[in-house]
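First the structure, in the form of structure tokens, and then the observations on it.
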There are 2 protein chains.
Amino acid sequence: MAEPSKLTLASEAPCDVEHLDPNATEARRARLIPAGAAEALAETFRVLGDPTRVRIIEVLAGGELCVCDIASLVEISESAVSHQLRLLRNMRLVRARRAGRQVYYTLDDRHILSLFQQGLRHVTEERR
Amino acid sequence: MAEPSKLTLASEAPCDVEHLDPNATEARRARLIPAGAAEALAETFRVLGDPTRVRIIEVLAGGELCVCDIASLVEISESAVSHQLRLLRNMRLVRARRAGRQVYYTLDDRHILSLFQQGLRHVTEERR
DNA sequence: CTGATACCTGAGCATGTGTTCATATATTCA
DNA sequence: TGAATATATGAACACATGCTCAGGTATCAG
């Protein structure tokens, strides 16, 4: 059966020319992060890769808020907020608590907040 | 001409019910990160929000590499790598150096690498 | 020059994403 | 119960994204 992909780079043989080090690429192959880790890492960053979600996380960093307050602060429709909150909920980044008619959301992942803060430092530092 | 958006939530008045603190939302409005910062932050994270780019950054973390080596290590076509490298170049995350026929790429942003590493710690820690 | 190698780039395409709109569910109050 | 409020959800749409494919540029060898 034919291969599904034409990527023949499987074993080695990158270019025909000698590189920095003949077997440097081979040595690097061993030091790659485990399979799936790159995907998980990308997925984590992807959550923060949207301005609306960034803002939601930002306002929630100040503490618990109900949906309409989030919508008001982020200046986006409540429906859009609700959709994003579901995404964040499914990824276990926020937690919901019902209190009467409102539902209050809280950050539920200390990792995301520190990533957020470090990213913020870098962004504000860069545009000096 | 009419407003493009029907978002009337401009001033305040989130819900009709009293919140945790009557003027808490108003107080939070002042502490929001500057306009545009959320966008810049999201854009930064968005770059890391793709497995291919994560892998490219990963292999480049080990030092300078030519395009075909990157393609070989990341196991993706050279064309796809080239496209991603252009993106990373435009965002000033990598730098290119021509040496004969090959072009060697290096990481050109200390921020992205530390974000990458912190994200990696969190991901590997989470799936213990 | 010609050919070969290494990389770049535009077009096209399939897939993913974020929003709106309409509607559904849940809770409270009268 | 019925109306009003707060949130959730599905469908649809516009748009972005990442890849492949087919060429294009740049460099070097002969």
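The values are calculated or read from the model by the stated rules, or taken from the named source; none is laboratory data. Source: prediction; values computed, not measured. With ideal geometry, Cβ positions are generated from the backbone for all residues, glycine too; neighbour counts draw on all protein chains shown. These accessible areas exclude ligands, DNA and RNA; they are computed on the full protein's heavy atoms, side chains included. Shrake-Rupley method; radii C 1.70, N 1.55, O 1.52, S 1.80 Å.
Key figures for this structure:
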{"item": "Some residue of the range B:17-26 being within 9 Å of another protein chain (Cβ to nearest Cβ), at pLDDT below 85 and in contact with a helix residue (DSSP H, G or I) (Cβ under 6 Å, 6 or more places away or on another chain)", "result": "yes"}
{"item": "Tally, over the range A:71-98, of residues that are open to solvent by 20 Å² or more (accessible area, probe 1.4 Å) and either without any contact (Cβ under 8 Å) to a residue 24 or more places away in the chain or in contact with a Phe, Trp or Tyr (Cβ under 7 Å, 6 or more places away or on another chain) (or both)", "result": "14"}
{"item": "Residue in the range A:110-117 that is more than 10 Å from DNA strand D (Cβ to nearest atom), under 15 Å from A:V59 (Cβ atoms), of a type in the set (F, W, Y) and surrounded by 13 or more Cβ atoms within 10 Å (Cβ to Cβ) present", "result": "yes"}
{"item": "Check on A:L48, at pLDDT below 95 and within 9 Å of another protein chain (Cβ to nearest Cβ)", "result": "no"}
{"item": "Qualifying residues in the range B:54-64 (those that are over 18 Å from B:M91 (Cβ atoms) and in contact (Cβ under 8 Å) with a residue 12 or more places away in the chain) - the one most open to solvent (accessible area, probe 1.4 Å)", "result": "B:E64"}
{"item": "Of residues in the range A:76-105 being among the basic types (K, R) and near DNA strand D (Cβ under 7 Å from one of its atoms), the one nearest to A:V47 (Cα to Cα)", "result": "A:R86"}
